[in-house]
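J.: I have a structure I would like to understand better, so I am pasting it below and will then ask my questions one at a time.
The values are calculated or read from the model by the stated rules, or taken from the named source; none is laboratory data. Predicted, not measured: the structure shown is a model, and the values here were computed from it. Positions of Cβ are generated from backbone atoms using ideal geometry, with glycine treated the same way; all protein chains shown enter the neighbour counts.
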Amino acid sequence: MDAAGQLVVAVHRQLVPLLVEGVSTDELDAVAARAIAAAGATSSFLGHHGFPKHICTSVNEVIIHGIPGDRRLAPGDVISIDVGVVLDGFHGDAAWTYPVGEVSAEVGRLLSGTERALVRAVDAARAGEPLASIGRAVEREAAVSRLGVVRDYGGHGIGRTMWEEPHVPNIGTSADPIELFAGLTLAVEPMLTLGDPAYVTEDDGWTIRTADRSFAAHFEHDIAVTAEGEPHILTRSLGNVLH
């Protein structure tokens, strides 16, 4: 799991320098495909329930599951890049939302607030705590940052398959009342919006965007709950790719 997570980080690192005006999301997908193959891995996403590409590229109002294509990035855009890989039978999966050039102060608030929500959510994932503590941490940070929480989508268990139980909500209630335990591996992924968090699904059946077309951000880490207390971040260093 740790090796798969670090490959995900390595793919992100290859894509970050390409996030400039004029690059197409399909070009990003091609670079990611080559990087994944060169490591002896495969994409978790390609072919999953028919998904046609290697990564997800969600621009501006798209929350998640954006399909790479001919859309070209422009200054002031933001793009969530979600990378999933299978390495030696284990999955790694992480997303980060990047600015393209300079962004407005409001968009900066969205990015920083959503990243803080991820940090708080990861820190809440401690053995003996209820699963809902992760979502409560996201909700609290969203309230402080004045951001909307996408309620119906969230994180998930991850391991030998990409999506495993339990579902990890980004709200403070959970249909699954389990307590977190050492050895549990989760993808934790806040999805927040500048405007109303209501969303629609595009005709392609995959692309989820805000109904009011306000900007959205999506940050995701894979973690392992530990007996020592502090969670182990399997996709560590991802937060430093821009610095």
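J.: Restricting to the range 1-37, name every residue that is outside any helix (DSSP H, G or I) and among the β-branched types (V, I, T). Give the derivation first.
T.: So in the range 1-37, the residues outside any helix (DSSP H, G or I) come out as 1, 19-24.
V20, V23, listed by residue number.
J.: Out of curiosity, is S104 in contact with a helix residue (DSSP H, G or I) (Cβ under 7 Å, 6 or more places away or on another chain) and either modelled with pLDDT of 95 or more or closer than 21 Å to I208 by Cβ (or both)? Can you show your working first?
T.: Values: in contact with a helix residue (DSSP H, G or I) (Cβ under 7 Å, 6 or more places away or on another chain): no; either modelled with pLDDT of 95 or more or closer than 21 Å to I208 by Cβ (or both): yes.
When the stated conditions are applied, S104 does not pass them.
J.: Which residue pairs have Cβ atoms under 6 Å apart, sit 6 or more places apart or on different chains, and have a first residue in the range 18-42 that is under 16 Å from P68 (Cβ atoms) and a second that is in a loop (DSSP other than H, G, I, E, B) and among the β-branched types (V, I, T)?
T.: L19/V100
J.: Output the number of residues of the range 197-223 satisfying the condition of being in contact with a Leu (Cβ under 6 Å, 6 or more places away or on another chain) and aromatic (F, W, Y).
T.: 2
J.: Which residue is surrounded by the most Cβ atoms within 10 Å (Cβ to Cβ), if the candidates are limited to the range 154-176 and must be farther than 23 Å from S44 by Cα and in contact (Cβ under 8 Å) with a residue 24 or more places away in the chain? Break it down into steps so the answer makes sense when it comes.
T.: Kept after step one, since they are farther than 23 Å from S44 by Cα, are these residues of the range 154-176: 171-176.
From the residues that got through so far, the ones that are in contact (Cβ under 8 Å) with a residue 24 or more places away in the chain too are 171-174, 176.
Details: I171: 17, G172: 16, T173: 11, S174: 19, D176: 12.
If we take residues in the range 154-176 being farther than 23 Å from S44 by Cα and in contact (Cβ under 8 Å) with a residue 24 or more places away in the chain, then S174 is surrounded by the most Cβ atoms within 10 Å (Cβ to Cβ).
J.: Looking at (1) farther than 25 Å from L18 by Cα; (2) surrounded by 16 or more Cβ atoms within 10 Å (Cβ to Cβ), which is the one condition that is false for E220?
T.: Only one criterion is unmet by E220, namely (1).
J.: Since I63 meets every condition but one in (1) over 18 Å from A187 (Cα atoms); (2) part of a strand (DSSP E or B), which condition does it not meet?
T.: Just one mismatch for I63, condition (1).
J.: When the residues of the range 116-153 are narrowed to those that are surrounded by 18 or more Cβ atoms within 10 Å (Cβ to Cβ) and among the acidic types (D, E), which ends up farthest from F181 (Cα to Cα)?
T.: E141
J.: In the set P52, P75, which member is out of contact with any Leu (no Cβ under 8 Å at 6 or more places or on another chain) and free of Cβ contacts under 8 Å to residues at least 60 places away in the same chain? First the steps, then the outcome.
T.: Numbers: P52 fails: out of contact with any Leu (no Cβ under 8 Å at 6 or more places or on another chain).
Result: P75 is the single residue among P52, P75 that is out of contact with any Leu (no Cβ under 8 Å at 6 or more places or on another chain) and free of Cβ contacts under 8 Å to residues at least 60 places away in the same chain.
J.: In the list I55, I36, I67, I81, which residue meets the criterion of being among the β-branched types (V, I, T), surrounded by 21 or more Cβ atoms within 10 Å (Cβ to Cβ) and in contact with a Lys or Arg (Cβ under 9 Å, 6 or more places away or on another chain)? Write out each step before concluding.
T.: On the way: I55 fails: in contact with a Lys or Arg (Cβ under 9 Å, 6 or more places away or on another chain); I36 fails: in contact with a Lys or Arg (Cβ under 9 Å, 6 or more places away or on another chain); I81 fails: in contact with a Lys or Arg (Cβ under 9 Å, 6 or more places away or on another chain).
Only one candidate passes the filter, namely I67.
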